[in-house]
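Here the structure comes first, spelled out in structure tokens, and everything after it is commentary.
The values are calculated or read from the model by the stated rules, or taken from the named source; none is laboratory data. In this text, all values refer to a predicted model and were calculated from it rather than measured experimentally. Ideal geometry is used to build each Cβ from the backbone, glycine not excepted, and the neighbour counts take in all protein chains shown.
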């Protein structure tokens, strides 16, 4: 039996609490990060709070092994006097939506082998995609996630804007969006590239720019150039 | 029985030819666009050639109803002396991969009701997502497709670069990429946005910029600004 304390009642903390509840080999407790009195002693303490609160919250915990769940923060953001680690799940969590933990990549870091092994055991009880990722790698991964998630979503938003402006239903683009995401499961993104930028089709590029406002033109030009330069 | 001639033996022409072959109510013939002698007379002639060749190829065809398959070109790019139309399928076609035509949006345009009806009938025999899209709308849709397909793929490419540079397997990002694409089937992209840009989390944005080369910094900054400006 592994005892786990979750500190924080946000999206990540609550999803984790609910999935741990279903596992026989885990005894889980959840507390509010703003009420840190009578903290139960557990094998692992998972701090699932906002990045800015990690240092303060962890400094108040004396449990033997404390981890955070942040993609953006180094392991050294933790200020507990005991062992430290990271239990980062690279996925978007929203309150309404059920999470399929079998699809969630667990990115684990710890200061020693035993602690790492314990995190792996826990991750294995709720999921199956498990990676050892140190703080430098996680930082890069977090930036990469901004590109493939936030910035990609903004490309969708611009597509949606253009559809709205010209009274075209956005749903027409859905199959293409899905296909684009699935294509790179079997083909490297560099090899999957098509379109006027990679073909250097100047006539089409000019036609496209004529249709865009200044801010969208800037984005179109800079990404087109980056596709052509291959970097 | 509807007779269809496909002019062009590229990806689009060949996929169309193969799917029409399976339909009882369609009699299909395919010819090479560079060998325009003895052109059979058919109800519909579908020119599936590169954008630059549409004018020249269509000028040589006297069949009653000629359509092209290009997202980037106006209906007026056709130079046949007879009726004109457009049969644009908004999807990426690659030679190796099978196409599920039930998932393909057909964007149809014609000069009169009868011709439009004929195109709808044909599209209905091989697919189910059928839209009337005029040349102005199709132009906007084509630009939108560049954002959600080519530019999104470039975001994946940058994510892949960052993973390679820091020895992180790119597959870790796959579930997030898929989730990002599926999320907007139920949520408008504007409402689906998360991350440091929309939160205006300056500390994280600075950390991210420190990790990027100059060209990626430019892209990061301009998209972050666009997310924050909401346009």
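Quick check: anything in the range A:123-143 more than 7 Å from chain B (Cβ to nearest Cβ) and closer than 18 Å to residue B:146 by Cβ? The answer is no; no qualifying residue exists.
Selection of the range A:183-193 for residues being surrounded by fewer than 14 Cβ atoms within 10 Å (Cβ to Cβ) and either more than 23 Å from the chain's Cα centre (by Cα) or part of a helix (DSSP H, G or I) (or both) yields only A:191. Mind checking whether some residue in the range A:15-32 is more than 22 Å from residue A:118 (Cα to Cα) and either in the same structural domain as residue A:87 (by TED's automatic domain parsing) or crowded, with 19+ Cβ neighbours inside 10 Å (or both)? Among the residues of the range A:15-32, at least one is more than 22 Å from residue A:118 (Cα to Cα) and either in the same structural domain as residue A:87 (by TED's automatic domain parsing) or crowded, with 19+ Cβ neighbours inside 10 Å (or both), which makes the answer yes. Considering only the range A:25-42, I want to know if a residue exists there that is within 21 Å of residue A:105 (Cβ to Cβ) and in a loop (DSSP other than H, G, I, E, B). Looking through the range A:25-42, none of the residues is within 21 Å of residue A:105 (Cβ to Cβ) and in a loop (DSSP other than H, G, I, E, B). In the range A:196-214, the count of residues that are more than 7 Å from every other protein chain (Cβ to nearest Cβ), under 28 Å from the mean Cα position of the chain (by Cα) and modelled with pLDDT of 95 or more is zero.
Considering the range B:110-130, and only residues there that are assigned to a helix (DSSP H, G or I) and free of Cβ contacts under 8 Å to residues at least 40 places away in the same chain, the residue that is surrounded by the fewest Cβ atoms within 10 Å (Cβ to Cβ) turns out to be B:113. Say we look at the range B:194-210 and pick out the residues that are in contact (Cβ under 8 Å) with a residue 12 or more places away in the chain and in a helix (DSSP H, G or I); which of these is farthest from residue B:183 (Cα to Cα)? This residue is B:209. Of the residues making up the range B:215-228, those that are without any contact (Cβ under 8 Å) to a residue 40 or more places away in the chain and more than 7 Å from chain A (Cβ to nearest Cβ) are B:217, B:220, B:221, B:224, B:225, B:228. Candidates B:149, B:76: the one that is more than 10 Å from chain A (Cβ to nearest Cβ) and either under 17 Å from the mean Cα position of the chain (by Cα) or farther than 17 Å from residue A:181 by Cβ (or both) is B:76. Test residue A:158 against the stated conditions and say whether it is more than 8 Å from chain B (Cβ to nearest Cβ), crowded, with 22+ Cβ neighbours inside 10 Å, assigned to a helix (DSSP H, G or I) and in contact (Cβ under 8 Å) with a residue 24 or more places away in the chain. It is false that residue A:158 is more than 8 Å from chain B (Cβ to nearest Cβ), crowded, with 22+ Cβ neighbours inside 10 Å, assigned to a helix (DSSP H, G or I) and in contact (Cβ under 8 Å) with a residue 24 or more places away in the chain.
The combined condition, being more than 7 Å from chain A (Cβ to nearest Cβ), closer than 22 Å to residue A:102 by Cα and in a helix (DSSP H, G or I), is fulfilled by residue B:171.
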